[in-house]
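Chemist: Structure incoming, see below.
What follows draws every value from the coordinates through simple rules; no lab data is involved. What you are looking at is a predicted structure, and each value in this text was computed from that prediction instead of being measured. Neighbour counts run over all protein chains shown; Cβ positions are idealised from the backbone, glycine included.
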Amino acid sequence: MSDKVIVITGASAGIGAALARQLGPKGHSLALAARRGQDLQRVAAQSSPTALAIVTDVRHRAEVERLREAVLARFGRIDVWINNAGRGIGRQTAELTDNDFDEMMAVNVKSALYGMQAVLPHFMARGTGHIINVSSFLGRVPLAPFRSAYSAAKAALNSLTANLRMDLAATSPGIHVSLVMPGIVDTEFASNALGGTPPLPPGARTMPAQAAEEVARMIAALIERPQPEIYTNPASADLARRYFQDVAAFEAAPRA
């Protein structure tokens with residue numbers, strides 16, 4: 001993998017931080033974005049002496065555009081933009097408030113839309129680039145009803161990603177658009193979810209949790225060899241296949 005300028009949002013913890021720590025020692029130029037400045041600075045220091053830490057609230061378009069301009073001013077180009085920021089919620093559909101739903105869409109969908117729209121003109125001018133959107137297999141399979149709005153937001157992200165890839169295929173074949181769908185990952189995600197996290201349903205408990213470092217390794221490999229989409233956990237891919245083969249049978253089956 002040649003040295004690249006890589007932007008990672010949601011880089012202060014979890015998958016984003018693990019990815020930064022893996023990519024930095026490989027010689028890549030990193031721009032790390034998140035809201036928690038102190039944590040972000042620590043990850044940057046652990047990743048690379050040249051890593052750029054930019055406190056950014058990706059829920060706001062102007063801040064994402066400011067992030068892009070800061071990266072270009074520092075490094076002169078962007079090769080990979082990873083929309084990784086996200087947050088969950090622990091409420092069933094009937095319990096959701098307007099604020100709950102708006103927050104899930106802002107953090108999980110609009111932030112990625114802003115990132116895609118911010119970097120695309122730069123990629124199109126260069127004729128090359130790679131957008132990676134970190135989603136969730138819950139955007140494909142309703143395995144955890146208490147993640148209702150989060151799952152809906154990730155489903156929207158999945159669709160936006162696929163449609164952008166189709167849009168660019170004919171006119172800009174040098175620009176790759178990838179979707180990453182982790183399963184359960186051992187991070188602070190559950191404890192940081194709005195409304196907390198109730199016990200997992202039996203079907204989800206049979207899926208082994210992945211370490212953030214394992215997911216990060218798969219994203220690093222995706223940067224080297226772009227693909228349209230990947231499930232980071234083979235069990236997630238199997239669940240998705242079974243779900244779409246027979247939705248009624250899947251939803252009626254016991255989750256032992």
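Chemist: Give me the lysines in straight-line cross-link reach of residue 110: C-alpha distance below 23 Å, same-chain residues under 8 apart excluded.
Modeler: 154
Chemist: Please state the charge dipole magnitude for the stretch 5-252, taken about the Cα centre, from unit charges on C-beta atoms (+1 on K and R, -1 on D and E), reported in debye and rounded to the nearest 20.
Modeler: It comes to approximately 520 debye.
Chemist: List the lysines whose Cα sits under 21 Å from the Cα of residue 26, skipping any in the same chain fewer than 8 residues away.
Modeler: Cross-link targets: 4.
Chemist: Provide 157, 52 in ascending order of the number of other Cβ atoms located within 10 Å of each residue's Cβ, fewest first.
Modeler: 52, 157
Chemist: Would you work out the relative contact order for the stretch 5-252, in percent, from Cα pairs under 8 angstrom that are 6 or more residues apart?
Modeler: Dividing the mean separation by the residue count of the stretch 5-252 yields 20 percent.
Chemist: In what sequence do 100, 246 fall when counting other Cβ within 10 Å, fewest first?
Modeler: 246, 100
Chemist: While we're here: Using all Cα-Cα distances in the stretch 132-184, what percent lands in each 10 angstrom bin from 0 up to the longest?
Modeler: Result returned by the calculation: 27, 45, 21, 7, 0.
Chemist: Taking amide H atoms as placed 1.01 Å from N in the peptide plane, list the residues 5 or more away in sequence, or in a different chain, whose amide H sits under 5 Å from that of residue 229.
Modeler: Residues meeting the criterion, in which the H sits 1.01 Å from N, are 179.
Chemist: If you don't mind, another one. Tell me, what HN-Hα J-couplings in whole Hz come from the Karplus equation 6.51 cos²θ - 1.76 cosθ + 1.60 at θ = phi - 60° for each residue of the stretch 68-77, using x for Gly and Pro?
Modeler: Each residue of the stretch 68-77 in turn: 4, 5, 5, 5, 5, 5, 7, 10, x, 6 Hz.
Chemist: Using θ = phi - 60° and the Karplus form 6.51 cos²θ - 1.76 cosθ + 1.60, what ³J(HN,Hα) does each residue of the stretch 6-16 get, whole Hz, x for Gly and Pro?
Modeler: Computed from phi, the couplings for the stretch 6-16 are 10, 9, 10, 8, x, 9, 7, 6, x, 4, x Hz.
Chemist: Please list, in chain and number order, the residues 5+ apart from residue 57 or on another chain whose amide H is under 5 Å from its amide H, with Hs placed from the backbone.
Modeler: none
Chemist: On to the next question. Quick one: which residues, 5 or more positions from residue 31 or on another chain, have an amide H under 5 Å from its amide H? H modelled 1.01 Å from N in the peptide plane, none for Pro or chain starts.
Modeler: For residue 31, whose amide H was placed from the backbone, the distant partners under 5 Å are 6, 7, 8, 52.
Chemist: Follow-up. Please compute the Kirkwood hydrodynamic radius of the chain from all pairs of different C-alpha atoms, in Å with one decimal.
Modeler: For the chain, inverting the mean 1/r across all distinct Cα pairs yields 18.4 Å.
Chemist: So what J values fall out for the stretch 107-122 if you push phi through Karplus, 6.51 cos²θ - 1.76 cosθ + 1.60 with θ = phi - 60°, rounded to Hz, Gly and Pro as x?
Modeler: 6, 9, 10, 5, 4, 5, 4, 4, x, 4, 5, 5, 8, 4, x, 5
Chemist: Relative to the longest principal Cα axis of the chain, at what angle does helix 234-245 sit, 0 to 90 degrees, rounded to 10?
Modeler: Here the helix axis deviates by roughly 60 degrees.
Chemist: In terms of the Cα gyration tensor, with a ≥ b ≥ c the square roots of its eigenvalues, is the stretch 1-104 rounded because a/c is under 1.5, prolate because a/b exceeds b/c, or oblate?
Modeler: In terms of gyration-tensor shape, prolate.
Chemist: Give, as a single signed number, the net charge of other residues whose beta carbon lies under 14 Å from the beta carbon of residue 96, with Lys and Arg counted +1 and Asp and Glu -1.
Modeler: Counting the neighbours of residue 96, the net charge comes to -3.
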